[in-house]
1. Using θ = phi - 60° and the Karplus relation 6.51 cos²θ - 1.76 cosθ + 1.60, list the HN-Hα couplings for region 67-73 in order, rounded to whole Hz, with x at every Gly or Pro.
2. If you line up the long axis of helix 15-32 against the longest principal axis of the chain, both from Cα atoms, how many degrees apart are they, to the nearest 10?
3. Count charges around Ala84 for me, please; just the other residues with Cβ under 13 Å from its Cβ, Lys/Arg as +1, Asp/Glu as -1.
4. Counting Lys and Arg as +1 and Asp and Glu as -1, what is the net charge of the other residues whose Cβ lies under 15 Å from the Cβ of Arg53?
5. Could you work out how far helix 84-98 tilts from the main Cα principal axis of the chain, as a 0 to 90 degree angle to the nearest 10?
6. With each run of n ≥ 4 DSSP H residues scored as -39500 (n - 2.57), what mean residue ellipticity at 222 nm is computed for the chain after dividing by its residue count and rounding to the nearest 500 deg cm²/dmol?
Amino acid sequence: MSAPLIVSIPHRLGREEAKRRIEVGLTRAVASIPVLQVDEERWEGDRLVFRVRALGQVASGHLDVAEDHARLEVSLPWLLQRFAKAAQVAIRNRGNLLLTKRS
């Protein structure tokens, strides 16, 4: 197994608002990516534990929401590792949009 995919996204929202936005944003993200199926999604305090399926492959990980950043860590199977860099960029971009304070 290779190193996990890790994305850390800074924010200035505070833990509760960031968590609220992530909960709403994840629902939208899954709906907009037809090849992605959520097998498990559960919150344990400020940590989201999940397992998803894409292209017949299973990936699992967790997302920790802190006061000033959110950190995603995902273990990808070998087939999905080919898309790791692209996924990392897409996750960072969507995460920044989601956690940017709106005036």
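Here, each number is a calculation from the coordinates, and none is a lab measurement. Bear in mind that the values here come from a model prediction, so they are computed numbers and not experimental data. Here Cβ is always computed from backbone atoms with ideal geometry, including for glycine, and neighbour counts include all displayed protein chains.
1. Whole-Hz 3J(HN,Hα) from phi for region 67-73: 4, 10, 6, 10, 10, 9, 10.
2. Orientation of helix 15-32: about 40 degrees from the principal axis.
3. Details: positive: Arg82, Lys85, Arg92; negative: Glu73.
With Lys, Arg at +1 and Asp, Glu at -1, the net is +2.
4. Working: positive: Arg51; negative: Asp39, Glu40, Glu41.
That works out to -2.
5. 20 degrees
6. Details: 3 runs with 37 residues, N = 103.
Only helices count here, giving -11000 deg cm²/dmol.
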